[in-house]
Ligand SMILES: [Zn+2]
C-alpha cells in the first residue's frame, strides 16, 4: 500500500523532501502520531514547521528515516568488505520492514567476478523466501549497482532499490545506463538515490585514499632498497 502511494508522488515532491534539513526531519519523526493531533503537546515552533510541510512530504520524511536506518545496515556490510581490504560495498534486502538477506563485496577474497554484494544478497534472499522472485522486496545498497547486478535485480523482479552514492563511471541505475528503469523490459525496479550518500561515498573515498597511500609507500620502499 505504502509503496503504491510512493509511486504516485511526483518527482518534484521528492526533491522538496530532500531540501528539508536533517535536523528538522528528525524533529518531525520524533513527534508521535498522537501528539501531532494534540496541538497543545507540540511546541509552538514545531507546530509552525509542521504547517509548512505538506502531509505528503511528512510521509516522505518518515520514509527517509526508514531508508536511512536500512542504509546504515548496508554500510555495516560495506565495512565487512573494508576489513577484508575489499572495495567497501554492502547491501541488505528488506521485506515487510525486516532484513531478509545481507551481502558485501568479496570479489578478491573469493577470486570471483560474481561475488558482488548485490548478487550475494539476491542469492540469500531467494533461498530464504524459497522463490527467485523478490517481489515486494527493497534492496539498500551503498553504491550504485554495476550492469551485472542491475541486470540481476531486474531478473529477480525486485520492487525497489535504494542507493547510497552514485558511481558515474560504472553505475547502471542512471549514471552510465539505467538498467533498473528501462521501460523496454517487462519489469522496472523503482529507484531512490542519494540516501546517506556522504557516508557511503566517504567510506569508498577513504578506502581508495588508503590504497593509494599503501601503493605509494611500497614504491618508496622499493626505491629505498635500490
Ligand atoms: Zn555489481
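Relative protection proxy for 205-214, 79-88, from highest mean packing down: 79-88, 205-214 (other beta-carbon atoms within 10 angstrom). Extension gain, residue 188 to residue 208, is 4.0 nm, computed as 0.36 nm per intervening residue step minus the present C-alpha separation. Considering only beta bridges that DSSP places wholly inside region 108-226, some 10 percent are antiparallel.
Show me 174-184, 154-164, 120-130 ranked by packing, highest mean number of other Cβ atoms within 10 Å first.
Peptide ranking by packing, descending: 154-164, 120-130, 174-184.
Potential lengthening of the chain between residue 62 and residue 123 amounts to 19.0 nm, from the contour at 0.36 nm per residue minus the alpha-carbon distance.
How much length would be gained if the chain were fully extended between residue 112 and residue 148, taking 0.36 nm per residue of separation minus their Cα-Cα distance, in nm to one decimal?
Between residue 112 and residue 148, full extension yields 11.6 nm more.
In nm, to one decimal, how far is the modelled label at residue 85 from the one at residue 155, with both set 7 Å along Cα→Cβ? Once both label points are built, they end up 3.2 nm from each other. With a Förster radius of 25 Å applied to the beta-carbon distance between residue 132 and residue 72, the computed FRET efficiency rounds to 0.35.
Readers should treat all values here as calculations from the given coordinates under stated rules, not as data from a laboratory. Just so it is clear, the structure is predicted and the values come from calculations on it, not from any experiment. Positions of Cβ are generated from backbone atoms using ideal geometry, with glycine treated the same way; all protein chains shown enter the neighbour counts.
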